[in-house]
Amino acid sequence: MAETQKEQVQNLKQDSIGKLDVIIMSVSAAAPAMCLGGSFGTIMQGAGSAVALAFLLATAVIVMIGLNYGQLSSRYNSAGGTYSYVRSVFGEKAGFVSGWIYMGVNICTGVIGAIFATYLHELFPAIPLWAGVLILLVPIFFVGWNGVEMTTKALIAVWVVQMLLLIIPAIKIIFLRSGEVENIMANSVQAFVPSYGISGLMLGVLVCVWAFVGFECPAYMGEELKGGSKAVKITMTVSAIAIGLVYVVVCWLWSAGMTAENIETIKTSPTTLTDYALLVGYTMGGKLISIATIVSCIGCFFAFSTSTPRCLYDMGRTGYLPSALSKVNRHQTPHISLIVYCAVWAIVALFGAYGNTDILFTLMALFASVSYILICAANIKDRWHEKGAKALIMNKLVPLVAAAILLYMIFSSDPVYVIGVALWAIAAWVASLIWARHKA
């Protein structure tokens, strides 16, 4: 009986998900419509008109980070992803800290529920914000409970719908504004010109990093992905590039008709694109954006409710969280981890819905940036003694450049948030020492 339980705790269903499914999951986790619908204005507050440029720079950084994940996956492929890789290279205490820092990312994903509830309430005022959170939570919880195969099939349809609803209004507005804006093409060039300077641009890039969070889903699905670590390396890079291209093109389309006056008017709004559509007299466009954002939230929460329990599962399996989190149900889902994640997610979603989503945006970007720096450091240490030009580029230069950019972005952020993340990391380190003694 003990042996049967041990086997159940340790094993996930191998070869249960294909490369295309994981790429779709990664793109859905990045949630283009939700991220742009919820943070376009926040990015403009830093980057000004250069939202597309901010995403282009963020794409370069994310691709470099993806290469580091890929290198580590070839040696330490595990459902723990970031936690597992850092633990394997730097030891259990550092792994524990990295796991808790990444938990900061996952806690902040409650912003998905906040955005969903806000846009749903905007379309249907009779639905209160708390009900909107439950409307998103309940069905996706049960889909996730029934296994990863069901989740990925639903994501494909969700992604296609959100992209159509995101792009069509942007093109329509370009035609509507062609008579008002003197030169649409010349005006659209401003999407690559930082109007608030380099420091403001980098603040915009920091928020853009938040918009990519979830691209690392392949690392958490590694044990179940067909092709194992090789497939993780491929899907990680393809996902990062695909997400980046979507963001850059869509931001360019939406910026094409914007004037400096428009930007100043809408940049502080939590529903920037919707307000912009209303500003130019395209009421239906605003409704389409709201629907696109709602659909995007569904796909995003699908992805995170699939990947996050696997991180908790691995931390429970290795003894750095309660072992109950490593149990799986008959669908091979870490169901206890799923329950814990969804409970915390709901609380944070309600906070964001009735509070301030910008706080969650910024904290998620900072937690993710710190996690990615740890991945870069792990790759450097793991392959430090390898020789040759390829090793120099892939295992030293790429991670160093990525980590340097991430550090610059972190310290360009509001010091209050930086201190908050630092305190979280210190608390995690103290907890790791206490837990290590408990294990011993």
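The table below lists the values:
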read-out: Condition check for Met284: at pLDDT 85 or above and over 19 Å from the mean Cα position of the chain (by Cα); value: yes
read-out: Meets criteria (under 30 Å from Ile434 (Cα atoms), in a helix (DSSP H, G or I) and among the β-branched types (Val, Ile, Thr)) for Val22; value: no
read-out: Restricting the stretch 89-127 to residues that are open to solvent by 50 Å² or more (accessible area, probe 1.4 Å) and without any contact (Cβ under 8 Å) to a residue 60 or more places away in the chain, the residue that is nearest to Leu273 (Cα to Cα); value: His121
read-out: Candidate set: the stretch 385-440, residues that are basic (Lys, Arg) and within 30 Å of Leu321 (Cβ to Cβ); chosen: the one surrounded by the fewest Cβ atoms within 10 Å (Cβ to Cβ); value: Arg437
read-out: The stretch 188-222, residues that are out of contact with any helix residue (DSSP H, G or I) (no Cβ under 7 Å at 6 or more places or on another chain) and either modelled with pLDDT of 85 or more or under 25 Å from Ala403 (Cα atoms) (or both); value: Val193, Gly197, Ile198, Ser199
read-out: Members of the stretch 330-346 that are open to solvent by less than 40 Å² (accessible area, probe 1.4 Å) and under 25 Å from Tyr76 (Cα atoms); value: Thr333, Pro334, His335, Ser337, Leu338, Tyr341
read-out: Members of the stretch 227-255 that are in contact with a Gly (Cβ under 8 Å, 6 or more places away or on another chain) and either polar (S, T, N, Q) or modelled with pLDDT under 85 (or both); value: Gly228, Ser229, Thr237, Ser239
read-out: Check on Thr357, open to solvent by less than 30 Å² (accessible area, probe 1.4 Å), within 19 Å of the chain's Cα centre (by Cα) and β-branched (Val, Ile, Thr); value: yes
read-out: Residue list for the stretch 269-304, restricted to those being hydroxyl-bearing (Ser, Thr, Tyr) and in contact with a Ser or Thr (Cβ under 9 Å, 6 or more places away or on another chain); value: Thr271, Thr272, Thr274, Tyr276, Ser290, Thr293, Ser296
read-out: Conditions (1) open to solvent by 30 Å² or more (accessible area, probe 1.4 Å); (2) touching a Leu at 6+ places or on another chain (Cβ under 7 Å); (3) more than 22 Å from Val133 (Cβ to Cβ); (4) modelled with pLDDT of 90 or more; number of the one not met by Ser369; value: (1)
read-out: Filter result for Gln162 (modelled with pLDDT under 90, surrounded by 14 or more Cβ atoms within 10 Å (Cβ to Cβ), more than 30 Å from Val418 (Cα to Cα) and in contact with a Pro (Cβ under 9 Å, 6 or more places away or on another chain)); value: yes
read-out: Considering residues of the stretch 348-366 that are in contact with a helix residue (DSSP H, G or I) (Cβ under 7 Å, 6 or more places away or on another chain) and of a type in the set (Gly, Ala, Ser) only, the residue modelled with the lowest pLDDT; value: Ala365
read-out: Answer from Leu53, Leu57, Leu72 - the residue that is in contact with a helix residue (DSSP H, G or I) (Cβ under 7 Å, 6 or more places away or on another chain), surrounded by fewer than 24 Cβ atoms within 10 Å (Cβ to Cβ) and at pLDDT 85 or above; value: Leu57
read-out: Residue in the stretch 385-403 that is over 23 Å from Val89 (Cα atoms) and under 20 Å from the mean Cα position of the chain (by Cα) present; value: no
read-out: Residues of the stretch 202-237 satisfying the condition of being open to solvent by 10 Å² or more (accessible area, probe 1.4 Å) and either of a type in the set (Lys, Arg) or under 20 Å from the mean Cα position of the chain (by Cα) (or both); value: Met202, Leu203, Val207, Lys226, Lys230, Lys233, Ile234, Thr237
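For (1) over 30 Å from Arg437 (Cα atoms); (2) in contact with a Pro (Cβ under 7 Å, 6 or more places away or on another chain), each residue gets a yes or a no:
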site	(1), (2)
Gly316	no, yes
Ser337	no, yes
Gly355	yes, no
Leu366	no, no
Ile373	no, no
Lys381	no, no
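The values are calculated or read from the model by the stated rules, or taken from the named source; none is laboratory data. The structure presented is a predicted model; accordingly, all values stated were derived computationally and were not measured. Positions of Cβ are generated from backbone atoms using ideal geometry, with glycine treated the same way; all protein chains shown enter the neighbour counts. Side chains are part of the model used for accessible areas, which takes the heavy atoms of the whole protein and leaves out ligands, DNA and RNA. Shrake-Rupley method; radii C 1.70, N 1.55, O 1.52, S 1.80 Å.
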